[in-house]
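What follows is one structure encoded as structure tokens, with my remarks underneath.
The values are calculated or read from the model by the stated rules, or taken from the named source; none is laboratory data. Just so it is clear, the structure is predicted and the values come from calculations on it, not from any experiment. Here the Cβ positions follow ideal geometry from the backbone for every residue, glycine too, while neighbour counts run over all protein chains shown. The protein model used for the area step is the full one, side chains on, heavy atoms only, and it has no ligands, DNA or RNA in it. Shrake-Rupley method; radii C 1.70, N 1.55, O 1.52, S 1.80 Å.
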Amino acid sequence: MKKGALIGCGFFAQNHLHAWQELSGVEILAVCDRDTALIRETADRFKIERTYADAAELLNAEELDFVDIATTVQTHRPLVELAATSGVNIICQKPFADTMEDAQAMTRAADDAGVTLMVHENFRWQSAIRAVKDVLDSGRIGDPFWGRVSFRSAYDVYSGQPYLATDDRFIIQDLGIHILDIARFLFGDARSIAASSKRVNPLIKAEDVATMMLVHETGVTSIVDCSYASLMPRENFPESLLEVDGHTGSLRLLPGYQLVIQSADGTEQQDVSPPLLPWAERPWHNIQESVRNIQEHFIDCLNASASPETSGLDNLKTLELVEAAYLSAADGNRTIQLTGS
């Protein structure tokens, strides 16, 4: 039995707790948050007896295998370093860090302490995205040479997460990081990126639209586009739509989780809809399923003493894409060569 604690009881952290309670071989012993009303409400909802307002007190008092850090990005470095020095394994919410310096420092801290560090980069763990990866790995459409990963919506994300409207950075750091990670997952690491961004909604502070072009080390060129300002005939939130062209075929992940594969054998359509977990609700169910999947992967890695797919070290490459996208957009869409952090 792996014993853990949750640090941060905000909007999205509720999904983490639902998922932990569904997984076998895991027990959440305590929750921690500086908001006393929120922590009491969360503890009551999930029947967790022990609560803390201070993470250091939590780590001193509890015998833990891991902590799940589900706080805002500005708090990640001190919390990750605190957990690492306490010898506790860590799953940390995305975005992992505000700066590459902080991300590298956290990765070093975990490595020096000999603890596992995984970033909660969950979009690639959606069942529809995994189904696309399976098709690509099977060779059914040959070697990919072009792809598109798209997330366009007018869904009101600000009501549940009001800080998104006031932060200095928005869509590339909050959503684009997921979509860029999907591109890495499907097509391999990128060697260059060019980006443009725009603020369409006058009531928010930062960008709500971004378009990025990546050239991958595999030779694939991909387009990654994100928008929270696109009023569509059909609201697809929170689906990521995909297009991939290969040397012997193509695939499309269409709205409604319909996967269409065109190959030499003809056209095949599959329904790759995510399951509706008992605690999930539409339209969030694909995201909620991916939370369960990535947390299960984390526990599997702890049990096998294996490195997670989205380790801190791996996530440095996704964060480098985010930073390079902001640099490119601020500098006239200049192509940025990547170092492969």
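What's the carbon and sulfur percent of region 43-166's accessible surface, probe 1.4 angstrom, rounded to a whole number?
C and S atoms contribute 45 percent here.
Beyond a 29 Å Cα-Cα separation, which of these cross-linked pairs lie in this structure: 3/133; 47/133; 133/198; 47/94?
Flagged as over cut-off: 3/133; 47/133; 133/198.
At 222 nm, what helix-only mean residue ellipticity would the chain give, in deg cm²/dmol to the nearest 500, using -39500 (n - 2.57) for each DSSP H run of four or more?
Values: 9 runs with 114 residues, N = 341.
It comes out at -10500 deg cm²/dmol, rounded to the nearest 500.
If the viscosity is 1.306 mPa s and the temperature 10 °C, what Stokes-Einstein diffusion coefficient in µm²/s follows for region 250-341 when Rh is the Kirkwood radius over Cα pairs?
It diffuses with D of about 93 µm²/s by this estimate.
Which residue, 226, 92, 301, tops the fluctuation ranking in a GNM of the chain built on C-alpha contacts under 10 Å?
Highest fluctuation among the options: 301.
List the DSSP H helices in the chain whose Cα atoms stretch 24 Å or more along the helix axis and whose mean Kyte-Doolittle hydropathy is at least 0.0. Write down the numbers at each step before the final one.
On the way: long enough: 285-304 (28 Å, -0.55); 312-330 (27 Å, 0.49).
Sorted by number, the helices that extend far enough and score high enough are 312-330.
Could you please state how large a percent of the accessible area of region 218-341 is carbon and sulfur, counting protein chains only and using a 1.4 Å probe?
50 percent
Averaging sequence separations of C-alpha pairs under 8 Å and six or more residues apart, then dividing by the length of region 55-136, give the relative contact order as a whole percent. All intermediate terms of the calculation are to be shown ahead of the outcome.
Numbers: 97 pairs, mean separation 22.2, N = 82.
Once normalised by length, the contact order is 27 percent.
Running a GNM on the chain with Cα contacts under 10 Å, which residue among 201, 89, 60 ends up with the highest mean-square fluctuation?
Of 201, 89, 60, the most mobile in the Gaussian network model is 60.
Could you tell me which of rounded, prolate or oblate describes the chain, using a ≥ b ≥ c as the square roots of the eigenvalues of the alpha-carbon gyration tensor, with rounded for a/c under 1.5 and, failing that, prolate when a/b is larger than b/c and oblate otherwise?
Judged from the Cα gyration tensor, the chain comes out prolate (a/c at least 1.5, a/b above b/c).
Shape verdict for region 1-71, please, from the Cα gyration tensor: rounded (a/c under 1.5), prolate (a/b greater than b/c) or oblate.
oblate
One quarter of the convex hull surface, Cα atoms only: what value does that give for region 158-295 in nm²?
Answer in nm², one decimal: 10.2.
Return one whole number: the accessible area per residue of region 63-220 in Å², for a 1.4 Å probe.
Counting only protein heavy atoms, the per-residue value for region 63-220 is 38 Å².
Determine the relative contact order of region 1-66: mean sequence separation of Cα pairs under 8 Å and six or more apart, normalised by residue count, in whole percent.
So the answer I get is 39 percent.
Using the per-residue mean of other Cβ atoms lying within 10 Å as a proxy for protection, in what order, highest first, do the peptides 37-43, 190-196, 116-122 fall?
116-122, 190-196, 37-43
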